[in-house]
Amino acid sequence: MRNKIVGKFVGAFVLLIMLSVLILNFYVGLKLKGEYEEKISKRLSSNAFLVGDLLKEDIAAGKHDIIQKKVRELAGKLNVRVTIIDGSGTVLGDSDKDPGSMEDHENRPEVIRALKDGAGESTRYSDTVEYNMKYVAVAISHGRKQIGVVRLALPIQEVESQFRIIYKAVLTGGIIAILFTLISGYFISKSIINPISEMKEVAQAISEGDFNKRAKINSEDELGVLARSLNRMADEMQLKMNSLSSMDKMKTDFVANVSHELKTPLTTIKGFIETLENGAIDEKDNARRFLSIIKKNAERLSNITDDLLKLSELELGKDRIEKKRFDLKDLIKDVVLRYSHLITTNHFKVEQDYHGKSFMVNADMQKMEQVLVNILDNSMKYTGEGGSIKINAHDMHDHFMISVEDNGIGIPAEHLDRVFERFYRVDKARSRKLGGTGLGLSIVKHAVLLHGGDIRIESIENKGTKVAVTLPKAIQS
Ligand SMILES: Nc1ncnc2c1ncn2[C@@H]1O[C@H](COP(=O)(O)OP(=O)(O)O)[C@@H](O)[C@H]1O
Ligand SMILES: [Mg+2]
């Protein structure tokens with residue numbers, strides 16, 4: 001396609017130039033020829049008048065020898081043929097021939113004209129000199145009497161050869177112009193077509209799902225701008241495709257994870273039910289034990305589905321948040337109170353410190369409760385009996401910071417970045433034994449971010465963990 005268009009461009013250029021050269025040649029030729037011929041006739045006729053003036057006395061006196069002598073002299077000087085004819089057509093003098101041998105000239109058109117109107121001209125083939133001549137004749141008067149005609153003649157070949165030179169020059173110029181057009185047209189059209197065909201290739205690649213191709217940008221003109229926007233479009237498409245495919249991967253990963261997490265308790269439940277069916281139901285002690293395992297796994301399934309539901313609700317976004325104003329301090333105290341039984345049986349030391357008068361937030365209370373419950377639940381789960389848990393609330397002028405610090409098992413540094421991922425647990429078996437789902441911190445992070453807050457976790461293995469949540473203050477009313 002590239003060559004086709006280049007051909008079209010160059011062809012059109014050449015045709016145009018050829019046409020211009022032709023028209024120019026024709027027009028210049030015509031114009032020059034007209035002007036040149038007019039100039040020659042003018043020169044011939046003024047010279048003829050001059051010759052007439054110089055010779056009229058001799059013609060009137062009939063001095064034929066002198067006439068012939070002067071005619072030859074004048075012709076040599078003027079570089080034309082000179083003929084003197086009397087009123088009846090008899091040749092009195094001629095610069096090229098002996099007048100005595102010449103026939104009468106009264107029937108020559110220029111002579112007839114001159115005798116009648118005073119001047120005449122004609123262009124024709126001359127038998128005497130055997131080529132085309134331009135003749136200009138003027139009448140000579142002596143006193144009031146017309147006594148003859150002076151005729152000057154110039155070979156027209158001279159004129160024509162002049163024109164041939166001009167034609168040739170214009171034609172050579174035309175050919176040079178065409179060659180120049182061919183070469184420059186080729187490069188000019190290539191410079192236009194190349195970027196276009198490159199962009200065509202990019203567009204084609206995009207249409208085939210390949211977003212890696214880019215067009216070269218060699219100019220800042222319209223084509224350059226077009227190439228730039230095409231490249232930008234390809235960039236955006238590539239970005240979108242990448243994020244789409246990574247989202248796709250996240251979804252499939254999630255589905256695989258969920259299925260895996262559900263499968264384990266289900267398999268256990270099914271296994272024990274089969275054992276019971278196969279007779280264990282009659283062994284009372286075993287049966288009781290198996291049933292409690294079944295119950296535990298059913299609870300686990302229920303925990304997982306509960307957490308999944310919470311997550312998916314959070315994923316629906318801000319619209320699902322039911323905000324109201326309340327004091328975080330009250331909520332924290334409330335949650336701790338709910339754990340009081342667990343706290344006493346495990347001998348946890350729980351401290352609460354509030355650095356500020358009130359902690360009014362505009363938030364979804366249920367979700368904030370989930371946040372606190374999950375963080376506190378982790379602290380107790382991953383801290384052994386008698387561990388200490390410090391809850392701090394700080395008023396930080398434009399936001400609140402709530403932190404929960406324990407002196408439990410901690411999190412190895414290499415896991416710290418990942419604990420907010422769904423189903424991510426440092427020690428799967430341990431978490432499972434403690435009734436964890438691995439979704440708690442994902443839920444917490446989601447909820448905090450939805451409220452315009454942030455969450456950070458710091459931990460040192462075997463020393464303890466600190467989780468800090470920031471939340472925006474409620475606007476005073
Ligand atoms: N306070 C903590 N102390 C030690 N490890 C913790 C603490 N909080 C969270 N973790 C680690 O982060 C993992 C993810 O926490 P989470 O999402 O709440 O899941 P889980 O259901 O296991 O509690 C836990 O399995 C645990 O390994
Ligand atoms: Mg948890």
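Quick notes on this one:
- Scan of region 210-255 for residues that are of a type in the set (Lys, Arg) and within 17 Å of Ser197 (Cα to Cα), ordered by number: Lys213, Arg214, Lys216, Arg228
- Every residue from region 1-51 that is hydrophobic (A, V, I, L, M, F, W, C), assigned to a helix (DSSP H, G or I) and loosely packed, with under 12 Cβ neighbours inside 10 Å: Leu19, Ile23, Leu30
- Of the residues making up region 388-416, those that are open to solvent by less than 50 Å² (accessible area, probe 1.4 Å), within 16 Å of ligand 2 (Cβ to nearest atom) and part of a loop (DSSP other than H, G, I, E, B) number 3.
- Within region 52-80, the set of residues being out of contact with any helix residue (DSSP H, G or I) (no Cβ under 9 Å at 6 or more places or on another chain) and open to solvent by 70 Å² or more (accessible area, probe 1.4 Å) comprises Asp53, Glu57, Asp65, Lys69, Arg72, Glu73, Lys77, Asn79.
- Tallying residues that are under 18 Å from Gly410 (Cα atoms), in contact with a strand residue (DSSP E or B) (Cβ under 9 Å, 6 or more places away or on another chain) and within 12 Å of ligand 2 (Cβ to nearest atom) within region 422-456 yields 1.
- Filtered by the rule that a residue be near ligand 1 (Cβ under 7 Å from one of its atoms) and part of a loop (DSSP other than H, G, I, E, B), region 417-433 gives Val419, Tyr424, Arg425, Val426, Asp427.
- Criterion (near ligand 1 (Cβ under 9 Å from one of its atoms) and over 19 Å from Phe254 (Cα atoms)) met by exactly one of Ile411, Ile402, Ile443: Ile411
- Scanning region 99-133 for residues that are open to solvent by less than 10 Å² (accessible area, probe 1.4 Å), part of a strand (DSSP E or B) and either in contact with a Ser or Thr (Cβ under 6 Å, 6 or more places away or on another chain) or not assigned by TED's automatic domain parsing to the domain that holds Asp86 (or both) yields a single hit, Met133.
- The requirement of being away from ligand 2 (no atom under 16 Å from the Cβ), modelled with pLDDT under 95 and of a type in the set (A, V, I, L, M, F, W, C) is fulfilled nowhere in region 360-375; no residue meets it.
- Filter result (within 30 Å of Asn242 (Cα to Cα), in a helix (DSSP H, G or I) and among the hydrophobic types (A, V, I, L, M, F, W, C)) within region 171-212: Ile196, Met199, Val202, Ala203, Ala205, Ile206
- Answer residue from region 242-281, given it is acidic (Asp, Glu) and out of contact with any helix residue (DSSP H, G or I) (no Cβ under 7 Å at 6 or more places or on another chain) and is surrounded by the most Cβ atoms within 10 Å (Cβ to Cβ) among those: Asp253
The values are calculated or read from the model by the stated rules, or taken from the named source; none is laboratory data. Given the structure is predicted, the values throughout are model-derived calculations rather than measurements. Cβ: placed from backbone, ideal geometry, glycine included. Neighbour counts: every protein chain shown. Just the protein is used for accessible areas: all its heavy atoms, side chains included, with ligands, DNA and RNA removed. Shrake-Rupley method; radii C 1.70, N 1.55, O 1.52, S 1.80 Å.
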